[in-house]
Structure formats: structure tokens, C-alpha cells
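J.: I'd like to ask some things about the structure below.
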Amino acid sequence: MDGVQVDISIAGLSKVFRKDKRQVVAIDGFDMRVGHGEFVCLLGPSGCGKTTVLRIVAGLDQKTSGSVRVHAADAHGPPGPPELTEVNGAGRDRGMVFQEFALFPWRTVRKNIEFGLEMRNMPEGERVKVSTDLIELVGLKGFEDSHPKELSGGMKQRVAIARALANDPEVLLMDEPFGSLDAQTRNLMQKELLRIWSAKKKTVLFVTHSVEEAVFLADRIVIMTARPGKVREIISVPLDRPRDRTSREFIDIRSKVLTELEEEFDKARARELSPE
Amino acid sequence: MNGIAARLRKTIVGSWFQLLLSLTAVVVLLVGWWLYSAYLRGDWPFTNLPRLDKADYLPYWWDVLKAFGKSFTEPTIGGLFMTQHIAASLKRIALGFALALLTAVPLGLMMGRSKNTEAVGRPIVELFRPIPPLAWVPIFLAVFRLFWGPVLIVFLGIFFPILLNVRLGARSVDPVLLDAAKTLGAKRGAIFTKVVLPYTTPYLMTGVTVGLGIGWMCIVAAEMLGAVGGGVGYYIFTANNGSQYEFMYAGMLMIAILSVLTTGVAELTERWLRRWMGFK
């Protein structure tokens with residue numbers, strides 16, 4: 001990453017929350033940097049705090065201590081400072097895609113995509129231009145005026161991705177976006193996401209619990225420890241795209257990631273079983 | 001044409017057999033009414049019995065229908081046409097309804113979304129909600145007089161169902177929608193108008209439907225105790241005072257029809273709105 005602009009910088013991040021009068025350390029000393037245009041997957045056993053890390057970067061959750069800085073600039077706004085700025089609340093410089101799609105049911109596909117543009121008071125004519133391009137990009141032509149309830153899960157997530165891209169953020173945060181899709185749709189959406197990513201050159205931080213998904217998508221995979229979550233290992237995936245899930249190299253990297261993860265799975269399971 | 005008839009039948013009752021049952025129920029009611037009226041009067045088939053004093057209280061139902069028709073074709077009770085009474089009552093309902101919408105919607109949204117507003121509003125709401133709006137009739141008529149008094153009674157009847165439903169809706173907004181709006185750059189105001197308010201609309205419509213039903217009950221009572229320019233409640237009360245019982249029942253029938261019509265329109269609007277807005 002030397003010489004490359006850094007878009008996300010997390011240092012010494014920790015998160016403590018209270019549960020039934022007890023303090024639970026969810027994240028402790030998490031460090032990570034994501035370079036410009038990089039695709040990074042956060043992988044870890046459930047409960048390790050990977051979603052919490054993402055939500056803190058998004059500005060939806062408060063950190064307890066540490067530093068979370070992002071390259072806060074959106075292409076439509078005034079040019080941001082070249083240096084990273086500390087995250088303070090949610091903002092349109094970081095687009096987010098949720099596992100539950102989080103589409104507004106009363107808005108059509110087009111109106112969902114234009115939500116962020118409305119927040120910026122963009123005139124209608126320009127909005128339509130932006131949303132038309134994005135509808136084309138995510139392959140939803142002909143569904144502009146459909147409501148979310150009329151769409152399949154994969155189509156809903158296409159809308160959500162287009163909506164997150166509408167504000168043209170530098171950073172795209174994705175919280176298990178394909179977790180509720182069936183296996184076939186999931187594979188297709190992974191390919192679609194890579195196509196969109198290479199077209200838009202966004203920095204992506206992607207939370208998943210699927211090893212295969214991480215190896216298929218990521219430039220680098222950040223493996224987290226069981227709670228309290230921190231970085232256990234960062235594994236680079238130096239394979240050309242499109243990647244062949246059945247190739248020797250793919251399977252090698254997948255087993256390497258799996259071996260690392262399994263120890264953490266065991267730790268998480270042991271903690272679950274032990275009476276606290 | 002056939003399709004429309006079938007759909008209409010489906011919305012009213014389930015099958016032809018059930019439609020038959022419904023019609024039978026109405027016929028049984030009308031026959032029972034006729035027999036009891038005849039019994040009170042000593043008419044056929046009770047010609048061997050004497051006419052009772054209370055016979056006037058229950059005219060034959062066809063006389064009620066005649067009075068109902070007559071009220072539309074000529075001025076009767078209070079020297080007004082039925083349409084004028086309807087207009088007077090509708091005006092009060094509309095005013096009370098508008099006032100309730102303007103106050104209960106913002107208040108319900110705020111109580112549903114802000115714990116502090118909820119803390120301020122809750123004891124007041126819980127204290128006043130159980131009081132039947134009719135209990136306020138004497139004091140409201142004395143203080144707010146004959147125009148605003150009945151309007152405010154109606155307002156009270158509609159206010160609480162709307163407030164409670166809007167509050168429930170605002171409380172149940174899916175948190176992930178709020179998160180999504182925030183990451184798209186929505187600030188507090190926009191979250192309210194562009195997420196919380198539309199999410200709450202179906203709940204609001206439920207409140208409106210319930211509220212209108214209560215509103216009609218209130219308007220009758222309010223107008224009975226005093227009204228300017230007529231009203232269906234005034235019509236019932238005046239007919240009763242003049243011992244024109246067939247007209248009194250005609251007024252009651254009118255209230256039932258109006259209430260069914262307005263809540264029916266509210267329900268249809270709710271269904272249409274849900275579909276149009278993409279909920280279900």
C-alpha cells in the first residue's frame with residue numbers, strides 16, 4: 001500500500017458496551033488501513049464485532065476509544081481536505097449497503113436511488129440523469145417504477161447498491177449484503193458487484209462470514225479474532241479477476257483462510273459453552 | 001361486468017350461501033320488528049289484543065322509511081331538508097377531523113420518536129384518553145358555544161385514535177431504514193418527513209378509520225344538546241321531542257348510513273394508499 005492514498009485508517013479502535021450491568025468488550029485494539037480503490041473483506045466468527053467495526057466507520061455506532069479516519073470527500077461536493085478526517089456521525093461520503101436491503105417500501109426503484117440526491121437538493125432533472133445511469137449500471141432497466149415488494153432479493157440488493165453509489169462516495173461499506181440471498185443469486189451478485197466496483201473504482205469494506213465470498217471478492221482479507229475483536233491476520237489474495245472458484249490457487253488461499261478462522265471459531269464456541 | 005359483481009360479492013360476504021344468510025338475518029329483523037309493532041297496536045295478526053300506550057314508540061318500519069324519504073323531498077324537522085342536516089353534521093365532522101389531524105399527527109410523531117416528548121405527553125394523554133368525549137359536552141357547549149362546542153367534542157373523539165396509532169407507527173419504524181437514511185445524508189428533519197412520516201401513513205389511516213366512527217357517535221350527542229343550523233343529531237332530538245318517532249328512527253338510520261359511508265371511504269382510501277405506497 002506504500003505510495004497509495006489511504007481512504008480508511010483505523011487505529012487502536014475499541015468498543016465497550018453495557019449488557020445487563022456488565023461491561024462487554026466487543027472490540028479491543030483494532031488496527032487497519034484500506035487503500036484507495038481497494039476491496040477489503042472483514043471476516044470473523046459471529047459476535048467478533050466485524051459489523052460493529054463497519055457501523056463505527058459508517059458513523060452509525062459510537063466508538064469507545066481509538067481513531068477512525070476516512071477520506072471524507074464526495075465527488076459532487078466541494079473538494080474535501082486531502083488528509084483523512086475523524087469520523088463524526090454518518091455522512092454521504094460513505095455509502096452503506098445493509099443485509100436487510102433497507103429499501104424504503106413506499107419509494108419506487110428510481111425514487112429509492114434518488115433519496116441521497118434529494119438530501120443534497122439536487123434538481124429533479126439532474127437526479128433523473130444520475131438515477132438512470134445507475135439503474136443501467138446495476139441492470140434494473142425496466143424496473144424504474146417498481147416498488148421493492150415487487151422485486152426479488154437480488155434485485156433489491158441491486159437497488160440498494162445503486163442507492164449507495166448515487167452520492168458518489170469514495171467509500172462503500174457493505175454489511176453482509178448477500179447474506180440473505182440463495183446460493184445461486186449470491187454468486188451472481190458477487191460477480192455483479194465486482195463489475196460495478198471496477199466500473200466505479202470505489203474503496204470497498206465488505207463484511208462477510210463466508211470464506212469463499214471473501215476469497216472471491218477481496219484484494220485483502222482481514223481475519224478478526226473472536227471477541228474481543230481485533231485483527232488476527234491479513235491475507236492478500238493476489239489472484240486475477242474473474243477468479244475461478246475451482247482453481248488450485250483459489251482453493252489454497254481458501255484453506256489458508258479457513259485454517260486461521262477455525263481456531264477463532266473454536267474459541268468463540270468454547271466461550272459460548274462456558275458458563276460466564 | 002360479471003367480474004365486478006363477483007368482486008363486490010366477495011368484499012361484502014364470502015359465498016352465495018353466506019349472502020343468503022345475511023339477507024335472511026335482515027328479513028328476520030324486519031319481520032320481528034313488524035310483528036312487535038303489530039302486537040303493540042293490536043293490528044293483524046293480533047286483532048284480538050288491545051292497543052297499548054307505548055305503541056307510538058315503535059312505528060312500523062315502512063313508516064320509518066316513508067319518513068326517511070319525506071325528509072329528503074320536503075322540509076320536515078326544524079323546517080330543514082335532510083340534506084341540510086347532513087351538511088351541518090358533515091361540516092362539524094370535517095372541522096373536528098381537520099383539527100385532530102393537524103394536532104394529533106405531529107404530536108404522535110414526536111411522542112413516538114422522542115423519549116422526552118413521550119415523557120411530557122404520556123401522563124396527559126393517559127389521563128384524558130379514558131374520559132368519554134361525551135362527558136365534555138355540557139361544559140364545552142357552555143364555554144365554546146353552539147358552533148365550536150360540538151366541533152371540539154368531535155375533535156376529542158377523533159384525536160386520540162389518531163394520536164395513538166401515529167405514535168405506534170412512529171415507534172415501529174424499522175431502525176435499518178433510519179440507518180440507511182443517515183448514511184445517505186439525511187439530517188433530523190429529513191428523517192422525520194421522508195422516513196418516519198411515510199412509514200407511519202398506514203397507521204395514521206387506521207386511526208382515521210377508527211376516529212371517524214367515534215366522531216359520528218360524538219356528533220349526535222353534541223347536537224342533541226344544542227346545535228345551530230340543524231344537524232342529524234339535532235334532527236333525532238327534535239323529532240323525539242315532537243313525538244314524531246318515525247322521523248326519529250329515520251334520523252338514526254341516517255346516522256348509521258353516514259357512518260358506514262365515511263368509514264368505508266376511509267378504509268378504501270387506506271387500502272388504496274397502502275397499495276399505491278408499495279406496502280403490501
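Nothing in this text is a laboratory measurement; each read-out follows from the coordinates by a stated rule. Small disclaimer: the values here were computed from a predicted structure and weren't measured. Please note: Cβ atoms are built from the backbone with ideal geometry, for glycine as well, and neighbour counts cover all protein chains shown.
J.: What are the semi-axes of the equivalent ellipsoid for the protein assembly as shown, taken as the square roots of 5 times the Cα gyration tensor eigenvalues, largest first, in whole Å?
T.: Taking √(5λ) for each Cα gyration eigenvalue gives 66, 26, 23 Å.
J.: Using the C-alpha atoms of chain B, what convex hull volume per residue, in cubic angstrom, is computed?
T.: 181
J.: Taking θ as phi - 60°, what are the ³J(HN,Hα) couplings along segment B:115-124 by the Karplus curve (6.51, -1.76, 1.60), each to the nearest whole Hz, with x for Gly and Pro?
T.: With the stated coefficients, segment B:115-124 comes to 5, 5, 4, 4, 5, 6, x, 4, x, 5 Hz.
J.: Quick one: which residues, 5 or more positions from A:Val16 or on another chain, have an amide H under 5 Å from its amide H? H modelled 1.01 Å from N in the peptide plane, none for Pro or chain starts.
T.: It is A:Ala26, A:Thr64, by chain and number.
J.: Order these by the 10 Å Cβ neighbour count, fewest first: A:Ser198, A:Ser274, A:Ser9.
T.: The fewest-first ordering by Cβ neighbours comes to A:Ser274, A:Ser198, A:Ser9.
J.: What percentage of all Cα-Cα pairs in chain A are separated by more than 26 Å?
T.: Every Cα pair in chain A considered, those over 26 Å come to 44 percent.
J.: If you line up the long axis of helix B:2-12 against the longest principal axis of chain B, both from Cα atoms, how many degrees apart are they, to the nearest 10?
T.: Tilt relative to chain B: about 90 degrees.
J.: Further question: Under a point-charge model restricted to the Cβ atoms of Lys and Arg (+1) and Asp and Glu (-1), what is the dipole moment magnitude of segment A:124-191 relative to its Cα centre, in debye to the nearest 20?
T.: Computed charge dipole of segment A:124-191: roughly 240 debye.
J.: Mind ordering B:46-54, A:58-66, A:139-147, A:46-54 by average Cβ neighbours within 10 Å, highest first?
T.: A:46-54, A:58-66, A:139-147, B:46-54
J.: Counting only helical runs of four or more DSSP H residues, what would the 222 nm mean residue ellipticity of chain A come to if each run contributes -39,500 (n - 2.57) and the total is spread over all its residues?
T.: Here the helix-only value at 222 nm equals -11000 deg cm²/dmol.
J.: Enter the mean number of other protein chain beta carbons within 10 Å of the beta carbon of each residue in A:98-109, as an integer.
T.: The shielding value for this peptide is 5.
J.: In angstroms, what radius of gyration and Dmax does segment A:83-124 have, counting Cα atoms only?
T.: Expressed in Å, the Cα Rg and Dmax of segment A:83-124 come to 12.9, 39.
J.: Compute from the Cα atoms of segment B:32-78 the Rg and the Dmax, the latter being the longest Cα-Cα distance, and quote both in angstrom.
T.: 13.0, 39
J.: Can I ask one more? Segment A:89-162 to segment B:16-33: how many Å between their Cα centroids?
T.: Measuring centre to centre over Cα atoms gives 54 Å.
J.: Place the peptides B:19-31, B:108-120, B:152-164 in order of packing, highest mean first, counting for every residue the other Cβ atoms within 10 Å and averaging per peptide.
T.: B:152-164, B:108-120, B:19-31
J.: If neighbour count is taken as other Cβ atoms inside 10 Å, put B:Met277, A:Met155, A:Met174 in order from fewest to most.
T.: B:Met277, A:Met155, A:Met174
J.: How would you rank A:244-251, B:72-79, highest first, on the average number of other Cβ atoms within 10 Å across their residues?
T.: Highest mean packing first, the order is B:72-79, A:244-251.
J.: Please compute the average number of Cβ atoms from other chains found within 10 Å of each residue's Cβ in peptide B:270-279.
T.: Partner Cβ neighbours, averaged per residue: 3.
J.: How high is the relative contact order of chain B? Use alpha-carbon pairs under 8 Å, at least six apart in sequence, and give a whole percent.
T.: Dividing the mean separation by the residue count of chain B yields 20 percent.
J.: Got a sec? Charge dipole of segment B:55-142, +1 on Cβ for Lys and Arg, -1 for Asp and Glu; which of B:His85, B:Val105, B:Phe68 is way out at the positive end?
T.: Going by the Cα projections, it comes out as B:Val105.
J.: Take A:Asp93, A:Asp20 and order them by how many other Cβ atoms sit within 10 Å, fewest up front.
T.: Arranged by neighbour count, lowest to highest, A:Asp93, A:Asp20 become A:Asp20, A:Asp93.
J.: Further question on the same structure: Could you state, as a whole-number percent, how many of the C-alpha pairs of segment B:59-102 are farther apart than 11 Å?
T.: Counting pairs separated by more than 11 Å, the tail of P(r) holds 68 percent.
J.: With everything on Cα atoms, drop me the angle between helix B:245-276 and the longest principal axis of chain B, reported from 0 to 90° to the nearest 10.
T.: Long axis of B:245-276 versus the principal axis of chain B: about 30 degrees.
J.: Turning to a different aspect of this structure: Treating the beta-carbon of each Lys and Arg as +1 and of each Asp and Glu as -1, no other charges, what is the dipole magnitude of segment A:210-276 about its Cα centre, to the nearest 20 debye?
T.: 120
J.: Go through segment A:221-234 residue by residue and turn each phi into a ³J(HN,Hα) via Karplus (6.51, -1.76, 1.60, θ = phi - 60°); whole Hz please, and just put x for glycine and proline.
T.: 10, 9, 8, 9, 7, 5, 4, x, x, 8, 7, 8, 6, 10
J.: Compute the angle between helix B:82-113 and the longest alpha-carbon principal axis of chain B, please, reported from 0 to 90 degrees and rounded to the nearest 10.
T.: For helix B:82-113, the angle is close to 30 degrees.
J.: Along each of its three principal axes, how wide is the spread of alpha-carbon positions in segment A:61-216, in whole angstrom units, largest first?
T.: For segment A:61-216, the Cα extents along the three principal axes come out at 43, 41, 27 Å.
J.: Using θ = phi - 60° and the Karplus relation 6.51 cos²θ - 1.76 cosθ + 1.60, list the HN-Hα couplings for segment B:133-149 in order, rounded to whole Hz, with x at every Gly or Pro.
T.: x, 5, 4, 7, 3, x, 6, 5, 5, 5, 7, 9, 6, 6, 8, 6, x
J.: Here is a follow-up. Taking the Cα centre of the protein assembly as shown as origin and charging only Cβ (+1 Lys, Arg; -1 Asp, Glu), how large is the dipole, in debye to the nearest 20?
T.: So the magnitude is around 700 debye.
J.: Distance from the Cα centre of segment B:94-150 to that of segment B:227-280, in angstrom?
T.: Measuring centre to centre over Cα atoms gives 22 Å.
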